[in-house]
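Undergrad: I have a structure I would like to understand better, so I am pasting it below and will then ask my questions one at a time.
Taken together, the values in this text are just the output of simple stated rules run on the coordinates, not laboratory data. Keep in mind that this is a model prediction, so the values were computed, not measured. Here the Cβ positions follow ideal geometry from the backbone for every residue, glycine too, while neighbour counts run over all protein chains shown.
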Amino acid sequence: MIRAAEVSVGDVLPPLALRITRADLVRYAGASGDFNPIHWNQRFAEQVGLPGVIAHGMLTMGMAVRVVTEWAGDPGAVVEYGVRFGRPVPVPDDDEGALVEATGKVTKVLDDGTFKVNVTASFEGRSVLGGAFARVRLP
C-alpha cells in the first residue's frame, strides 16, 4: 500500500491493460440490469449506427478506475470518481475481446490532504473517457 508521504504531483501510475470480452458484458448486464441490445446483439447495434456490440459505459468506467485502486492498494482509498463518456468500446465476438489501456497521473494535492489523479482510458489509441479523475485519500 502506498503512503501519502511517498506521493508527489506528477507521479505516473503504473499502466494497466484491461480486457473486456462478450462474457464480461453478459455478467455486467446481469449485475446491473442493463440489457440494452447494443451490449449483446450485433445486428441491432449495427442497425442503430454502432460499429458492433459495445461495452457498457459504466463497465468501462469501473474497470478503468482499477489503475488507481491497484496503485493505492485499497479500493476504499478512492473517495470520489467521475468521468464523461467519450466514445464507445466495441467488443468483438472472440476470445480476446477489447483491450482498454488505463493510465493515471497525480495532478494535485487538495486542501483536505487528498490527491487528485487524472485517469486516461483508451481503446485503439483513442480516449474513451473524458475528464476522468479520482480523488484519493492515502494513509
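Undergrad: What pairs can you find where one residue is in segment 42-54 and farther than 19 Å from A23 by Cβ, the other is not in a helix (DSSP H, G or I), and their Cβ atoms are less than 6 Å apart, with a gap of 6+ or different chains?
TA: Final answer for the pair search is P51/P90.
Undergrad: Restricted to segment 86-100, and to residues that are assigned to a loop (DSSP other than H, G, I, E, B) and under 14 Å from the mean Cα position of the chain (by Cα), which residue is nearest to L25 (Cα to Cα)?
TA: Ranking the candidates gives V89 first.
Undergrad: Which condition from (1) of a type in the set (A, V, I, L, M, F, W, C); (2) surrounded by 14 or more Cβ atoms within 10 Å (Cβ to Cβ); (3) in a helix (DSSP H, G or I) is the one that A23 breaks?
TA: It fails just one condition, (2).
Undergrad: Could you say which residue among V83, V117, V67 is within 19 Å of P14 (Cα to Cα) and under 12 Å from the mean Cα position of the chain (by Cα)?
TA: Criteria check complete, one pass: V67.
Undergrad: State whether one or more residues within segment 119-131 are among the polar types (S, T, N, Q), buried (at least 17 other Cβ atoms within 10 Å of the Cβ) and in a strand (DSSP E or B).
TA: So in segment 119-131, the residues among the polar types (S, T, N, Q) come out as 120, 122, 127.
Now drop any that are not buried (at least 17 other Cβ atoms within 10 Å of the Cβ), which leaves 120, 122.
From the residues that got through so far, the ones that are in a strand (DSSP E or B) too are 120, 122.
Yes, segment 119-131 has at least one match.
Undergrad: Do you know which of the residues in segment 102-139 that are in contact (Cβ under 8 Å) with a residue 60 or more places away in the chain and basic (K, R) is nearest to V78 (Cα to Cα)?
TA: Top of the filtered list is R137.
Undergrad: Report, by residue number, each residue of segment 79-110 that is under 30 Å from A5 (Cβ atoms) and touching a Phe, Trp or Tyr at 6+ places or on another chain (Cβ under 9 Å).
TA: Selection gives E80, Y81, G82, V83, E101, G104, V106, T107, K108, V109.
Undergrad: Pull up segment 29-68, narrow it to residues that are among the small types (G, A, S) and in a helix (DSSP H, G or I), then point me to the one that is surrounded by the most Cβ atoms within 10 Å (Cβ to Cβ).
TA: A64
Undergrad: Moving to a separate point now. Between residues in segment 84-101 that are within 17 Å of W40 (Cα to Cα) and residues that are loosely packed, with under 14 Cβ neighbours inside 10 Å and of a type in the set (D, E, K, R), which pairs lie under 8 Å by C-beta distance while being six or more apart or on different chains?
TA: These pairs meet every condition: E96/R19; G97/R19; A98/R19.
Undergrad: Among V48, V83, which is the only one that is touching a helix residue (DSSP H, G or I) at 6+ places or on another chain (Cβ under 9 Å) and over 25 Å from V136 (Cβ atoms)?
TA: V48
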